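The values are calculated or read from the model by the stated rules, or taken from the named source; none is laboratory data. As the structure is a computational prediction, the values presented were derived from the model and not from experiment. With ideal geometry, Cβ positions are generated from the backbone for all residues, glycine too; neighbour counts draw on all protein chains shown. Surface areas here come from the heavy atoms of the whole protein model, side chains and all, with no ligands, DNA or RNA. Shrake-Rupley method; radii C 1.70, N 1.55, O 1.52, S 1.80 Å.
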Amino acid sequence: MKLASLKDGRDGRLVVVSDDLAWCADARHIAPTLQSALDHWAAAEPQLRLLALDLAHQAIPRERFHERQADAPLPRAYQWADGSAYVNHVALVRQARGAEMPESFWTDPLMYQGGSDEMLAPRDPIPLADESWGCDLEAEVVVVTGDVPRGVSREEALGHIRLVGLVNDVSLRNLIPGELAKGFGFLQSKPASALSPVFVTPDALGDAWRDGRLHGVLKVDLNGQPFGRADSGEDMTFDFGTLIAHLAKTRNIGAGTIVGSGTVSNRDADGGPGKPVDRGGRGYSCLAEVRTVETILDGKPATPFLKPGDAVRIWMDDGQGHPIFGVIEQEVVAA
């Protein structure tokens, strides 16, 4: 089952979307918003599935689904917690600045809590007030949870995943060092992130969803050119069950919580840093990583951060070459 929110007020209008993303059906008689559906999932999910079945059989009124009319599935989320499940990415970044990586990073997930009162729609621009801030894209996988009890196990946590999607977790890289130096985490360096047009129930992903991971090529284009083709199911040190259990270690987690994988990152076939797509590699899911590889190999980065006019495209195709979650397409604009 695929769900989306069309732009309508602050929290959107819930619709069920056809598997090919061509059509949608109004779901407001079941739940006015996706958050409402998540709050009452036991009652709403069966009704939404029946609506999806009627939509597939063209047995109900339907309308064309246009991704440009889609809001973020959760325009306002109760929580946005982003992990760093691809430890390869962390290791590269630390290597570039000559910092030793603690062994615990391979056994204890990193996670930060970002702002979720504004989640950007998939076609919303990325506002940038100052190019010197070092604006970066970050292509990631996300899951949305139901209510999760404190102290949940990894296996139990997997049963609380309601939906899967994608995010462009925008970062302002040059603001990060100063904030981390204060010892109190990210704030200004993490502006609003953009969600994919559609979120999907895990069962609808088939074999692509297994072991708490989404398996498939996460595609990133920058200014119309292939930039990243990493497989999100590979090199993921911590699966989503582990990430959710980490988040819920000391507190209950509310329905509608979005949990991110962190930047998807693959090692090269030889075990070293990834290579660019145009050199036969899988490329990168953020600019910081390619700049890190350049620093390791050449002593300094050559790839610039984003500037106004740059265009970012993020998506994942199914086996037939059709986007599963729709496409995040954003242009950087001067704020």
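I need the full set of residues from the range 161-193 which are open to solvent by 40 Å² or more (accessible area, probe 1.4 Å), assigned to a loop (DSSP other than H, G, I, E, B) and touching a residue at least 12 places away in the same chain (Cβ under 8 Å), in order please. Show your work before the answer.
Taking the range 161-193 as the starting set, the residues that turn out to be open to solvent by 40 Å² or more (accessible area, probe 1.4 Å) are 162, 173-175, 177-178, 180-184, 186-188, 191.
Narrowing further to those that are assigned to a loop (DSSP other than H, G, I, E, B): 182-184, 186-188, 191.
Listed by number, the residues that qualify are Phe186, Gln188, Pro191.
Go over the candidates Pro273, Pro308 one by one and state the one that is touching a residue at least 12 places away in the same chain (Cβ under 8 Å), farther than 28 Å from Ala334 by Cβ and not basic (Lys, Arg). Walk me through how you get there before you give the answer.
Working: Pro308 fails: farther than 28 Å from Ala334 by Cβ.
The unique qualifying residue is Pro273.
Go through Val277, Val259, Val290 for me and flag whichever is under 30 Å from Ala42 (Cα atoms) and aliphatic (A, V, I, L, M).
Values: Val277 fails: under 30 Å from Ala42 (Cα atoms); Val290 fails: under 30 Å from Ala42 (Cα atoms).
One residue alone meets the criteria, Val259.
Being over 18 Å from the mean Cα position of the chain (by Cα), among the hydrophobic types (A, V, I, L, M, F, W, C) and under 24 Å from Asp39 (Cβ atoms) is true for just one of Val144, Val148, Val198, Val167. Which residue is that? Full working, then the answer.
On the way: Val144 fails: over 18 Å from the mean Cα position of the chain (by Cα); Val198 fails: over 18 Å from the mean Cα position of the chain (by Cα); Val167 fails: over 18 Å from the mean Cα position of the chain (by Cα).
None of the others qualify; the one that does is Val148.
Considering only residues of the range 240-292 that are in contact with a Ser or Thr (Cβ under 9 Å, 6 or more places away or on another chain) and of a type in the set (Val, Ile, Thr), which is nearest to Val152 (Cα to Cα)?
Among residues in the range 240-292 that are in contact with a Ser or Thr (Cβ under 9 Å, 6 or more places away or on another chain) and of a type in the set (Val, Ile, Thr), the one nearest to Val152 (Cα to Cα) is Ile244.
Can you go through Asp211, Asp221, Asp270 and tell me which one is surrounded by fewer than 21 Cβ atoms within 10 Å (Cβ to Cβ), at pLDDT 95 or above and on the phi < 0 side of the Ramachandran plot?
Values: Asp211 fails: on the phi < 0 side of the Ramachandran plot; Asp270 fails: at pLDDT 95 or above.
Answer to the selection: Asp221.
Take the conditions free of Cβ contacts under 8 Å to residues at least 24 places away in the same chain, out of contact with any Pro (no Cβ under 6 Å at 6 or more places or on another chain) and not aliphatic (A, V, I, L, M) and apply them to Lys219. Does it pass? Full working, then the answer.
Numbers: free of Cβ contacts under 8 Å to residues at least 24 places away in the same chain: no; out of contact with any Pro (no Cβ under 6 Å at 6 or more places or on another chain): yes; not aliphatic (A, V, I, L, M): yes.
So Lys219 fails the test.
Residues Gly134, Gly115: which one is in contact with a Phe, Trp or Tyr (Cβ under 8 Å, 6 or more places away or on another chain) and either over 25 Å from Thr242 (Cα atoms) or without any contact (Cβ under 8 Å) to a residue 24 or more places away in the chain (or both)? Give the derivation first.
Values: Gly115 fails: either over 25 Å from Thr242 (Cα atoms) or without any contact (Cβ under 8 Å) to a residue 24 or more places away in the chain (or both).
On inspection, the qualifying residue turns out to be Gly134.
Given the residues Gly165, Gly134, Gly146, Gly151, which is the only one that is small (Gly, Ala, Ser), within 15 Å of Ala255 (Cα to Cα) and modelled with pLDDT of 95 or more? Spell out how you get there, then give the answer.
Numbers: Gly165 fails: within 15 Å of Ala255 (Cα to Cα); Gly134 fails: within 15 Å of Ala255 (Cα to Cα); Gly151 fails: within 15 Å of Ala255 (Cα to Cα).
Going through Gly165, Gly134, Gly146, Gly151 in turn, just one is small (Gly, Ala, Ser), within 15 Å of Ala255 (Cα to Cα) and modelled with pLDDT of 95 or more: Gly146.
Conditions (1) at pLDDT 95 or above; (2) surrounded by 14 or more Cβ atoms within 10 Å (Cβ to Cβ); (3) out of contact with any Pro (no Cβ under 9 Å at 6 or more places or on another chain); (4) more than 19 Å from Pro197 (Cα to Cα), marked per residue:
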| residue | (1), (2), (3), (4) |
| --- | --- |
| Gly280 | no, no, yes, yes |
| Leu287 | yes, yes, no, yes |
| Thr292 | no, yes, no, yes |
| Lys300 | no, no, yes, yes |
| Pro304 | yes, no, yes, yes |
| Ala311 | yes, yes, yes, no |
| Asp318 | yes, yes, yes, no |
| Pro323 | yes, yes, no, no |
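Give me the pairs: first residue in the range 281-304 and within 14 Å of Ser171 (Cβ to Cβ), second residue open to solvent by 40 Å² or more (accessible area, probe 1.4 Å) and among the hydrophobic types (A, V, I, L, M, F, W, C), beta-carbon distance under 6 Å, and six or more apart or on different chains, which are they?
Cβ pairs passing all conditions: Thr292/Val93.
Filtering the range 11-54 down to residues that are without any contact (Cβ under 8 Å) to a residue 40 or more places away in the chain and among the basic types (Lys, Arg), which residue is most open to solvent (accessible area, probe 1.4 Å)?
Arg28
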